[in-house]
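**Q** This is the structure I have questions about; it appears just below.
The values are calculated or read from the model by the stated rules, or taken from the named source; none is laboratory data. All of these numbers come straight from a predicted model, not from anything done at the bench. Cβ placement follows ideal geometry from the backbone for every residue including glycine, while neighbour counts extend to all protein chains displayed. The area values use the complete protein model at the heavy-atom level, side chains included, leaving out ligands, DNA and RNA. Shrake-Rupley method; radii C 1.70, N 1.55, O 1.52, S 1.80 Å.
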Amino acid sequence: MQMAEEVRAEMVANVWKVLVKVGDQVDEGTELVTLESMKMEIPVMSEGSGVVKEIAVDEGDVIQGGDLIAVIE
């Protein structure tokens with residue numbers, strides 16, 4: 001049985017775009033959300049394959065390093 005993958009923020013950033021929804025099938029390297037920090041767009045990718053179980057952010061949110069972005073199972 002596969003463990004759930006928690007995707008977490010690596011830095012303080014704004015959530016610019018949420019590109020997947022709960023129930024979506026994703027593969028390794030699928031872009032889940034796009035963050036914006038210091039005028040740079042930062043893609044957040046899935047590190048493995050699975051189904052999106054949770055999206056913990058909304059577009060426009062300001063997140064901190066370590067904050068949960070999504071759960072892939």
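**Q** Given a 1.4 Å probe and the protein chains all in place, what does the accessible area of GLU54 round to, in Å² to the nearest 10?
**A** 80 Å²
**Q** Can you spot the lysines whose alpha carbon is less than 28 Å from LYS53's alpha carbon? Ignore those fewer than 8 places along the same chain.
**A** LYS17, LYS21
**Q** Can you compute the label reach from LEU19? Point 7 Å from Cα along the Cβ direction, backbone N cut-off under 13 Å, restricted to the stretch 32-66.
**A** What the label zone holds, given the 13 Å backbone N cut-off, is 32-36, 41-47.
**Q** Can you compute 3J(HN,Hα) from phi for each residue in the stretch 53-64, using the Karplus curve 6.51 cos²θ - 1.76 cosθ + 1.60 with θ = phi - 60°, rounded to whole Hz and x for Gly and Pro?
**A** 9, 7, 10, 9, 10, 10, 4, x, 5, 9, 10, 9
**Q** Another question, then. Sorting MET3, MET45 by accessible area (1.4 Å probe), largest first, what list results?
**A** On the way: MET3 155, MET45 85 Å².
Descending accessible area places them as MET3, MET45.
**Q** Starting from the eigenvalues of the Cα gyration tensor, five times each then square-rooted, give me the equivalent ellipsoid semi-axes of the stretch 16-66, largest first, whole Å.
**A** Working: eigenvalues 77, 30, 16 Å².
For the stretch 16-66, the ellipsoid semi-axes come out as 20, 12, 9 Å.
**Q** Using only protein heavy atoms and a 1.4 Å probe, report how much of LYS21 is accessible, in Å² to the nearest 10.
**A** 130 Å²
**Q** Carbon-plus-sulfur fraction of the accessible area of the chain, 1.4 Å probe, in percent?
**A** Working: 2330 of 4620 Å².
In the chain, the share of accessible area belonging to carbon and sulfur is 50 percent.
**Q** Next question, about the same structure. Using a 1.4 angstrom probe, figure out how much accessible area the stretch 1-70 has per residue, in square angstrom, rounded to the nearest whole.
**A** 64 Å²
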